[in-house]
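Student: Take a look at this one; I'll ask things after.
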Amino acid sequence: MIGLSAAIRIMEESIVSASTIAQLALAVGVVFGFVASRTNFCTMGAVSDIVNMGDWNRMRMWALAIAVAILGTSALQLAGLVDVSKSIYTASKLVWLSHIIGGLAFGVGMTLASGCGSKTLIRIGGGNLKSVVVFVFLGISAYMTLRGLFAVWRVRFLDSMATTLPHSQDLPAFLGASGIAPDTALTLAAALIGGGLLLWALAKREAWRSDVLLGGAVIGAMVVAAWYVSGHIGYVAEHPETLEEAFIGTNSGRAESLTFVAPFAFTLELLMLWSDSSRILTFGIASSLGVIAGAAIHTVLSGSFRIEGFRDAPDLARHMVGGVLMGFGGVTALGCTIGQGISGLSTLALGSMIATVAIIAGSAITLKVQYWLMMREA
């Protein structure tokens, strides 16, 4: 019989390293960034197209990404490869006011800052210096909302307004509470929501353009791949040091998929505390850096890379305020247009649906106000 120390050593050697998870996350981010840059995938742009031009193509691309993410993530769950109940999205505590206020703040912020968190990374890869400023202000604001001054307000005034459900907040759990078997409930919910979005996204001939199909399919697939990396490859049923289950290389200590708010804060933290050996390149940080790299590769290959700065002081102020609102809103709502709008929705969580609607509403209202101000000045 082998000794206890030898058994622990064997277990440690069999556990995937955090660096491996980071490398896989980087690869997922690179594909995401390249394709998003190639297809001009942008949630704020999708809302703007509808409000200003009545063009629904980019919204259909986003809907297609959500549909692919829902169907793919549900397939992983049915195969027993991933358990999204171990993520931040499906908790039984529904912080509905945080989802609403955070979503509205994020929607306003991303409109002022000319794009959401993922678009900020993509524009950095394309040489946009304005997005570097947004990245910094978003990251600082997100950190303040996670652990600083904004966190006190968030916990005291927003998170306290919550509803505790008798089960998790995902739709399959609601169906399961009525007596439907878990796998059947998941299949029904995924088919209803994912299948419905898929049919709607592809209902118009205009949606069959190569950029819409490529952007929607690949972005959705990258969310599924991210779940597999963190929730399956990085999952340890019993860590030899804690004797508890663990998810290697994630900041939350849970299964994660793509999201682009909190990782900005953790990126700044890593850069500022680089000499602290306890700080590592995590899944979220690596995927964010991958998006920048992927977008940079595309813009260089396509010849569209160019340095761009602010045109005047008001432009700088708008982007700074937008970054602060996105950092606060994204953490408060537990995600952004990708973190809640695709990754969260792929879990079929009720909170993700509330947050996503609030984000769209915040952006649409801000676009209307901006148009009104522009016409008034004219």
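Student: Scan (1) in contact with a His (Cβ under 6 Å, 6 or more places away or on another chain); (2) over 28 Å from LEU104 (Cα atoms) for the single condition SER37 breaks and write down its number.
Tutor: In the conditions (1) in contact with a His (Cβ under 6 Å, 6 or more places away or on another chain); (2) over 28 Å from LEU104 (Cα atoms), SER37 misses (2) alone.
Student: Report the residue count in the range 216-238 for those that are small (Gly, Ala, Ser), under 26 Å from VAL35 (Cβ atoms) and surrounded by fewer than 24 Cβ atoms within 10 Å (Cβ to Cβ).
Tutor: Taking the range 216-238 as the starting set, the residues that turn out to be small (Gly, Ala, Ser) are 216-217, 220-221, 225-226, 230-231, 234, 237.
With under 26 Å from VAL35 (Cβ atoms) added as a condition, the list becomes 216-217, 220-221, 225-226, 230-231, 234.
When the remaining residues are screened for being surrounded by fewer than 24 Cβ atoms within 10 Å (Cβ to Cβ), the result is 217, 221, 225.
Qualifying residue count, the range 216-238: 3.
Student: In addition: ALA25 versus (1) among the hydrophobic types (A, V, I, L, M, F, W, C); (2) more than 16 Å from the chain's Cα centre (by Cα); (3) more than 30 Å from LYS368 (Cα to Cα): which is the lone unmet condition?
Tutor: (2)
Student: Can you list residue pairs whose Cβ atoms sit under 8 Å apart, with the first residue in the range 131-155 being within 17 Å of SER118 (Cα to Cα) and modelled with pLDDT of 95 or more and the second being assigned to a helix (DSSP H, G or I) and among the polar types (S, T, N, Q)? Count only pairs 6 or more apart in sequence or on different chains.
Tutor: SER131/THR120; VAL134/THR120; PHE135/THR120; LEU138/THR120; GLY139/THR267
Student: Please list, ordered by first then second residue, the pairs with beta carbon atoms under 7 Å, 6 or more apart or interchain, first in the range 159-175 and free of Cβ contacts under 8 Å to residues at least 24 places away in the same chain, second outside any loop (DSSP other than H, G, I, E, B) and not small (Gly, Ala, Ser).
Tutor: Once the first residue is free of Cβ contacts under 8 Å to residues at least 24 places away in the same chain and sits in the range 159-175, its partners that are outside any loop (DSSP other than H, G, I, E, B) and not small (Gly, Ala, Ser) give LEU175/LEU188.
Student: Which one is nearest to the chain's Cα centre (by Cα) among residues in the range 83-94 that are hydrophobic (A, V, I, L, M, F, W, C) and surrounded by fewer than 24 Cβ atoms within 10 Å (Cβ to Cβ)?
Tutor: Step one: of the range 83-94, the residues hydrophobic (A, V, I, L, M, F, W, C) are 84, 88, 91, 94.
Next, only the ones that are surrounded by fewer than 24 Cβ atoms within 10 Å (Cβ to Cβ) stay: 88, 91, 94.
Working: ILE88: 12, ALA91: 17, LEU94: 18 Å.
Within the range 83-94, the match that is nearest to the chain's Cα centre (by Cα) is ILE88.
Student: Quick check on the range 239-250. Is at least one of its residues surrounded by fewer than 17 Cβ atoms within 10 Å (Cβ to Cβ), in a helix (DSSP H, G or I) and in contact (Cβ under 8 Å) with a residue 24 or more places away in the chain?
Tutor: Checked the range 239-250: no residue is surrounded by fewer than 17 Cβ atoms within 10 Å (Cβ to Cβ), in a helix (DSSP H, G or I) and in contact (Cβ under 8 Å) with a residue 24 or more places away in the chain.
Residues are listed down the side, and each one gets a yes or a no for (1) crowded, with 19+ Cβ neighbours inside 10 Å; (2) out of contact with any Pro (no Cβ under 8 Å at 6 or more places or on another chain); (3) within 21 Å of ALA317 (Cα to Cα):
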position: HIS99; (1), (2), (3): yes, yes, no
position: ALA105; (1), (2), (3): yes, yes, yes
position: GLY125; (1), (2), (3): yes, yes, no
position: VAL136; (1), (2), (3): no, yes, yes
position: ALA151; (1), (2), (3): no, yes, no
position: ARG154; (1), (2), (3): yes, yes, no
position: LEU158; (1), (2), (3): yes, yes, no
position: LEU165; (1), (2), (3): no, yes, no
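Student: Follow-up. Given the conditions (1) over 21 Å from SER363 (Cβ atoms); (2) without any contact (Cβ under 8 Å) to a residue 24 or more places away in the chain, report the number of the one that GLY54 does not fulfil.
Tutor: Condition not satisfied by GLY54: (1).
Student: Another one. Across the range 107-123, which residue is surrounded by the fewest Cβ atoms within 10 Å (Cβ to Cβ) among those that are within 16 Å of the chain's Cα centre (by Cα) and assigned to a loop (DSSP other than H, G, I, E, B)? Explain how you work it out, then say what you get.
Tutor: Pass one, the range 107-123, residues within 16 Å of the chain's Cα centre (by Cα): 107, 109-110, 115-122.
Now narrow it down to the ones that are assigned to a loop (DSSP other than H, G, I, E, B): 115-116.
Working: GLY115: 25, CYS116: 32.
Going through the qualifying residues, I end up with GLY115.
Student: While we're here: What residue, of THR299, THR356, is out of contact with any strand residue (DSSP E or B) (no Cβ under 7 Å at 6 or more places or on another chain) and closer than 30 Å to ASP170 by Cα? Spell out how you get there, then give the answer.
Tutor: Values: THR299 fails: closer than 30 Å to ASP170 by Cα.
Every option except THR356 fails the conditions.
Each row is one residue, and each column tells you yes or no for (1) β-branched (Val, Ile, Thr); (2) more than 30 Å from ILE15 (Cα to Cα).
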{"position": "VAL236", "(1), (2)": "yes, no"}
{"position": "ALA246", "(1), (2)": "no, no"}
{"position": "VAL261", "(1), (2)": "yes, no"}
{"position": "SER278", "(1), (2)": "no, no"}
{"position": "LEU281", "(1), (2)": "no, no"}
{"position": "LEU289", "(1), (2)": "no, no"}
{"position": "VAL300", "(1), (2)": "yes, yes"}
{"position": "ARG306", "(1), (2)": "no, yes"}
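Student: Check whether at least one residue in the range 69-82 is out of contact with any His (no Cβ under 6 Å at 6 or more places or on another chain), outside any helix (DSSP H, G or I), crowded, with 18+ Cβ neighbours inside 10 Å and of a type outside the set (Asp, Glu), and report yes or no. Even if it seems obvious, please write down each step before you answer.
Tutor: Start the filter on the range 69-82 by keeping residues that are out of contact with any His (no Cβ under 6 Å at 6 or more places or on another chain), which leaves 69-80.
Of the ones still in play, those that are also outside any helix (DSSP H, G or I) are 79-80.
Restricting the remaining residues to those that are crowded, with 18+ Cβ neighbours inside 10 Å gives none.
No; the residues of the range 69-82 include none that is out of contact with any His (no Cβ under 6 Å at 6 or more places or on another chain), outside any helix (DSSP H, G or I), crowded, with 18+ Cβ neighbours inside 10 Å and of a type outside the set (Asp, Glu).
Student: For the subset of the range 10-29 comprising residues that are of a type in the set (S, T, N, Q) and over 24 Å from ILE219 (Cα atoms), which member is modelled with the lowest pLDDT?
Tutor: Initial filter on the range 10-29 (of a type in the set (S, T, N, Q)): 14, 17, 19-20, 23.
Checking which are over 24 Å from ILE219 (Cα atoms) leaves us with 14, 17.
Values: SER14: 52, SER17: 92.
So, considering only residues that are of a type in the set (S, T, N, Q) and over 24 Å from ILE219 (Cα atoms), the one modelled with the lowest pLDDT is SER14.
Student: Separate question: Limited to the range 37-51, what total is found for residues that are under 10 Å from LEU367 (Cα atoms) and more than 21 Å from the chain's Cα centre (by Cα)? Quick ask: steps written out before the conclusion?
Tutor: From the range 37-51, those under 10 Å from LEU367 (Cα atoms) are 44, 47-48, 51; that's our starting set.
Now restrict to residues that are more than 21 Å from the chain's Cα centre (by Cα): 51.
The number of residues fulfilling the criteria is 1.
Student: Considering only the range 290-305, I want to know if a residue exists there that is part of a helix (DSSP H, G or I) and within 13 Å of GLY139 (Cα to Cα).
Tutor: No, every residue in the range 290-305 fails to be part of a helix (DSSP H, G or I) and within 13 Å of GLY139 (Cα to Cα).
Student: For the range 83-106, which residues satisfy the criterion of being of a type in the set (Val, Ile, Thr) and either in a helix (DSSP H, G or I) or over 30 Å from VAL369 (Cα atoms) (or both)?
Tutor: To start, the set of residues in the range 83-106 that are of a type in the set (Val, Ile, Thr) comprises 84, 88, 90, 95, 100-101.
Of everything in the range 83-106, those that are of a type in the set (Val, Ile, Thr) and either in a helix (DSSP H, G or I) or over 30 Å from VAL369 (Cα atoms) (or both) turn out to be VAL84, ILE88, THR90, ILE100, ILE101.
Student: Please find, within the range 323-341, the residue that is surrounded by the most Cβ atoms within 10 Å (Cβ to Cβ) out of those that are touching a Leu at 6+ places or on another chain (Cβ under 6 Å) and closer than 19 Å to VAL47 by Cα.
Tutor: MET326
Student: Which of the helices (runs of 4 or more DSSP H) found entirely inside the range 143-229 contain at least 1 residues meeting this: of a type in the set (A, V, I, L, M) and more than 24 Å from the chain's Cα centre (by Cα)?
Tutor: Details: elements: 149-153, 171-177, 182-201, 210-228.
Ranges flagged: 171-177, 182-201.
Student: Please determine whether any residue of the range 317-335 is within 23 Å of THR73 (Cα to Cα) and polar (S, T, N, Q).
Tutor: no
The values are calculated or read from the model by the stated rules, or taken from the named source; none is laboratory data. Predicted model only: the values in this text are computed from it and were never measured. Cβ: placed from backbone, ideal geometry, glycine included. Neighbour counts: every protein chain shown.
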